[in-house]
Amino acid sequence: MESRYVTTPFGRRAMSLGMLVNQQLAETIEPGITRNKWKLFRAVCEARPSLGVTDRALTVLDALLTFYPDDEISEARGLVVFPSNAQLSLRARGMTAATLRRHLAVLIDAGLILRKDSPNGKRYARRSRAGEINEAFGFSLAPLLARAAEIESLAAQVVADRELLRITRDRLTVCRRDVAKLIAAAFDEGVPGDWGTILDIFRTLVGRIPRVATVKTIAPILEEMDMLRSEIINVLEIRVKTQKIDARESQIERHKQNSNLKYHSESEPRHETTHAVPPPDNLQPQSEPAGGKQSSQRAPHNDGVASKSLQSFPLGLVLQACPQIGDYGPGGRIDNWRDLMAAAAVVRTMLRVSPTAYEEACMAMGRENAATVMACILERGGHINSAGGYLRDLTRRTERGEFAVGPMLMALARAGVPGSRLAG
């Protein structure tokens, strides 16, 4: 067993109080304590930020541990390793002697190893006649074993912090996705509200998410994002309850009408007056344009629901004619009509088109048509001074039966794609 005493460095290296503390710490090893050297090394790697060691210093520590003969570090087997500079450099992946000295000093200052220098500064061991080591000079792993419990505790805390960060980031990702899709659903369903302002708040929160996230930096963002999600859900739930009440009242009214018709006999001269309950605003059918003129898209009426006329214009054609709109879809792409309408809502805000103007366009053209028009306006942005005024003009022309989306869309498609690809 190695003797324990205070030893000073060889040569010009000065003694410090830190070295003295490390040597005293090495003498506090509990009797019988052992640790698997590689598990303990992994704990050191986990706790590296708390221990104040560099990754290159860990490479040197890894090399030193390879010179320890057993996997289990124990005081009974000795704690001093005594490799030559050449062998240590070889196992430290070819590290130069100057670099080795620098990172060995880092390990000593961090309190993970200590020097036990011989009288001439060489590293060697004195053995008995039976070949057992009586005394060795080199680098002692005693501080590492003495601090094993502390290092494992630090490593466990680092792992817990990392797991908390992962959970927080996952929650923020889900919350961010929920808010984005709920806003898109609100635009799609025409739910009343200042959704442009809500969208701006959402973008501001997303812009505050740092590239290198920590729990401290993203926890407040998650809290604000969760509050925004709750507010949006409350608004949408109120809308759903309102629609249920309207539908229930409509069913009650129809039931009363049917009962009245069955109750009165055909010979009774009384005139029955029906009271039809109007549908919600976004489902209210508009009157047919004067003269019965229909657009080239064969739209049967100007209604507020998704227009069936867009069936003759595939989504692929819209994206081909207006490729810029794809950058504003969820995740930077558009896969379906809902994505296109969500992108149109974003573009509407960007082009400073008022919610009223856009809602009127949706009522007159249908939501898919209105989203297609917004994509066309974005594509022709350099030629339009006021997107809001232009959209209002198109809305009025649509109500008079003087505008159809088809010609505008096909013109953009022909301008961006050779005509041979559009033929047929």
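Things worth noting here:
- Distance between modelled label sites at residue 178 and residue 233, nm, 7 Å Cα→Cβ extension: 0.4
- Förster radius 56 Å - calculated FRET efficiency between residue 226 and residue 384, Cβ distance, rounded to 0.05: 0.90
- Scalar couplings 3J(HN,Hα) for region 358-364, obtained by applying the Karplus form with A = 6.51, B = -1.76, C = 1.60 to θ = phi - 60°, are 5, 5, 5, 5, 5, 5, 7 Hz; x denotes Gly and Pro.
- Near the amide H of residue 135, within less than 5 Å, lie the amide hydrogens of 126, all on another chain or at least 5 residues away, with H placed in the peptide plane.
- Measuring r between the beta carbons of residue 203 and residue 153 and using R0 = 41 Å, the FRET efficiency lands at 0.45.
- Region 95-110 - phi-based ³J(HN,Hα) in whole Hz, Karplus 6.51/-1.76/1.60, Gly and Pro as x: 5, 6, 4, 5, 5, 4, 4, 5, 7, 5, 5, 4, 5, 5, 5, 7
- Backbone N under 15 Å from the residue 128 label point (7 Å along Cα→Cβ), restricted to region 76-115: 76-78
- Between residue 402 and residue 189, the distance separating the two model label sites (each 7 Å from Cα on the Cα→Cβ line) works out to 3.7 nm.
- For region 79-111 versus region 164-196, the spacing of their alpha-carbon centroids is 53 Å.
- Difference of contour (0.36 nm per residue) and Cα-Cα distance, residue 86 to residue 169: 25.2 nm
- Between the amide H of residue 74 and any residue lying 5 or more places away or on another chain, no distance stays under 5 Å, with hydrogens modeled in the peptide plane.
- By average C-beta atoms within 10 angstrom, highest first, the peptides 152-160, 55-63, 234-242, 359-367: 359-367, 55-63, 152-160, 234-242
- Label-point gap, in nm, between residue 120 and residue 414 - each point 7 angstrom along Cα→Cβ: 9.8
- Length released on extending from residue 68 to residue 213, taking residue separation times 0.36 nm less the Cα-Cα span: 48.3 nm
- Peptides 196-202, 207-213 ordered by packing proxy, namely the average of other Cβ atoms within 10 Å per residue, highest first: 196-202, 207-213.
Just so you know, all these numbers are worked out from the coordinates, no wet-lab data involved. Just so it is clear, the model here is predicted, and its values are computed rather than measured. Note that each Cβ is placed from the backbone with ideal geometry, even for glycine, and that neighbours are counted across all protein chains shown.
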